[in-house]
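What follows is a set of notes on a single structure, which appears directly below.
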Amino acid sequence: MTSIQQRADLQAKIWKIANDVRGSVDGWDFKQFVLGTLFYRFISENFTNYIEGGDDSINYAALSDDVITPEIKDDAIKTKGYFIYPSQLFVNIAKNANTNSNLNTDLKIIFDAIESSANGYPSEQDIKGLFADFDTTSTRLGNTVENKNSRLAAVLKGVEALNFGNFEDNQIDLFGDAYEFLISNYAANAGKSGGEFFTPQHVSKLIAQLAMHKQDKVNKIYDPAAGSGSLLLQAKKHFDNHIIEEGFYGQEVNHTTYNLARMNMFLHNVNYDKFHIELGDTLLHPKLGDEKPFDAIVSNPPYSIKWIGSDDPTLINDDRFAPAGVLAPKSKADFAFVLHALSYLSSKGRAAIVCFPGIFYRGGAEQKIRKYLVDNNFVETVIALAPNLFFGTSIAVNILVLSKHKTENKTQFIDASGEDFFKKVTNNNILEDAHIDKIMKLFDKKENVDYQAVNVDNKAIAENDYNLSVSSYVEAKDNREVIDIVELNAEISKTVEKIDKLRADIDLIVKEISG
């Protein structure tokens, strides 16, 4: 079985578990039980693999908890960030799940123990609350203990039956792929509320390549609206680990999604000391200011959300917003995220940000912010993508690429919304690798290509009221059939002659019959 077949088979089985088990529980609310169980199995097997160290004579799951010395535990937590006793391993809990009358409370005790094992260690904040949304006592699992245990056992046994392969066979990322598959399916079925924090992998791949284009190495990569971490992890997938020297950074305001992002880091084998995901409102309470500047920034911030804006007079003095001289509108925080990213960007780096098209042509404060960005030559490229690429919205979004090391006072515009730049699959469109490559070649060469790309002098943009809409600069291709009027008239003349002759023949026949 090829890796593609194995992955497809795995994804089908995981989706079946989710559908079979959830019953009357809403799928979007129930996702954390399936995802949490996947995560529990992953860290159990990952930890076992670390302890055994490839020694076939050691079977960690079969050991007694009593043989674990304080030194072994201390060393493991310093390395892995957490500790799991043999009795707490997924394999041992899943084995007796169907007959364990205390399953829900046992799981709660184990999850609490795994989290508290990091207390007092550098990994404490990275581990704390990871299982917060896996509430084994929740009434969503059932109204009785028996109902709760039955559902939990079904999830555990379903995940236990999945074949992830051996770590030694480099199949570990199947966990991460399965996890992202499940999130994307829930997002697709949950509408806007589900898709808000999930950026499809094919779009993430393009954004990661834009942000890290031609950089031999970056100090660290940052997402100020991290969601489930998919954008950060796409950078890990696309580039060798050594290129991102100091790790992955992000901030997320939603607590559940914040937990998912941290889980996702572990699921993709990013150790606790290589990621720093913070919880909080990025615009009002940024947590990673001491870590800036970042050589690569990727982000898909929420579209046109409300924020306090000018109602907080101190914000205009904030280092992130002050240079523009104006705050993003209270009803549309899009440019607040853009200015935040720009402030955190290094002099050699790039930021690639998914943006709602309206911010590029509206007047008022948004026009003033565009003026600041263009006059200071921070806008490298604006890319118009095809519609229907994201879950829960058909909007044709744009990608804004910011840079602080441009050499020319020009801005590039790319129209990648045409049929040559996407493939239609069921209800959504997708970017295939060939489409991404095509966009990246246009981005890299900075050449004018009819109907696809143009470089515009910043003075011309200023004269156009700082409009940054791609359609204002890239001429749309006219796909209407070109008609040769002279040739058409000749054909019409011939047709008229034939009609006249036909009429004369008919008149003659009618005359002969009548006569």
Cross-chain or 6+ apart pairs with Cβ under 9 Å, the range 315-343 first and closer than 12 Å to C355 by Cβ and open to solvent by 30 Å² or more (accessible area, probe 1.4 Å), then in a loop (DSSP other than H, G, I, E, B) and not hydroxyl-bearing (S, T, Y): K332/I305; K332/K306; K332/W307; K332/F356; K332/R362
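Please verify whether G81 is at positive phi and modelled with pLDDT of 90 or more, treating the condition exactly as stated. Walk me through it before giving the result.
Numbers: at positive phi: yes; modelled with pLDDT of 90 or more: yes.
So G81 passes the test.
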Residues of the range 415-468 classified as of a type in the set (S, T, Y) and over 21 Å from P357 (Cα atoms), total: 1
Scan of the range 305-314 for residues that are open to solvent by 10 Å² or more (accessible area, probe 1.4 Å) and of a type outside the set (A, V, I, L, M, F, W, C), ordered by number: K306, S310, D311, D312, P313, T314
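So, of the residues in the range 464-490 that are of a type in the set (D, E, K, R), modelled with pLDDT under 85 and open to solvent by 100 Å² or more (accessible area, probe 1.4 Å), which turns out to be nearest to V374 (Cα to Cα)?
Here the residue is K477.
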Neighbours by Cβ (under 7 Å, 6+ apart or cross-chain): first from the range 295-306, under 14 Å from T393 (Cα atoms); second β-branched (V, I, T) and assigned to a loop (DSSP other than H, G, I, E, B): N300/T199
Helices (runs of 4 or more DSSP H) wholly inside the range 43-152 that include at least 3 residues being loosely packed, with under 15 Cβ neighbours inside 10 Å: 70-80, 103-116
Those residues of the range 258-298 which are open to solvent by 10 Å² or more (accessible area, probe 1.4 Å) and charged (D, E, K, R), in sequence order: D273, K274, E278, D281, K287, D290, E291, K292, D295
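Mind checking whether some residue in the range 234-251 is of a type in the set (D, E) and either within 15 Å of H340 (Cβ to Cβ) or crowded, with 23+ Cβ neighbours inside 10 Å (or both)? Before the answer, list the steps.
Here is the first cut: in the range 234-251, the ones of a type in the set (D, E) are 240, 245-246.
In the following step, the residues that additionally are either within 15 Å of H340 (Cβ to Cβ) or crowded, with 23+ Cβ neighbours inside 10 Å (or both) were identified as none.
No, that holds for no residue.
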G227 vs. criteria under 16 Å from A341 (Cα atoms), at pLDDT below 90 and either aliphatic (A, V, I, L, M) or crowded, with 21+ Cβ neighbours inside 10 Å (or both): yes
Selected residue [within 19 Å of P387 (Cα to Cα), open to solvent by less than 50 Å² (accessible area, probe 1.4 Å), part of a helix (DSSP H, G or I) and modelled with pLDDT of 85 or more] from I414, I436, I461: I436
Single match in I492, I506, I499, I483 (criterion: of a type in the set (A, V, I, L, M) and in a loop (DSSP other than H, G, I, E, B)): I483
Residue in the range 398-410 that is surrounded by 19 or more Cβ atoms within 10 Å (Cβ to Cβ), in contact with a strand residue (DSSP E or B) (Cβ under 6 Å, 6 or more places away or on another chain) and over 26 Å from Y344 (Cβ atoms) present: no
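Name the one entry in F421, F443 that is open to solvent by less than 80 Å² (accessible area, probe 1.4 Å), at pLDDT below 95 and not small (G, A, S). Spell out the reasoning first.
On the way: F443 fails: at pLDDT below 95.
Sole residue among the options that is open to solvent by less than 80 Å² (accessible area, probe 1.4 Å), at pLDDT below 95 and not small (G, A, S): F421.
The values are calculated or read from the model by the stated rules, or taken from the named source; none is laboratory data. Note that this is a predicted model, so its numbers are computed, not measured. Virtual Cβ from ideal backbone geometry, glycine too; neighbours counted across all protein chains shown. Please note that ligands, DNA and RNA were not included when accessible areas were found on the heavy atoms of the full protein model with its side chains. Shrake-Rupley method; radii C 1.70, N 1.55, O 1.52, S 1.80 Å.
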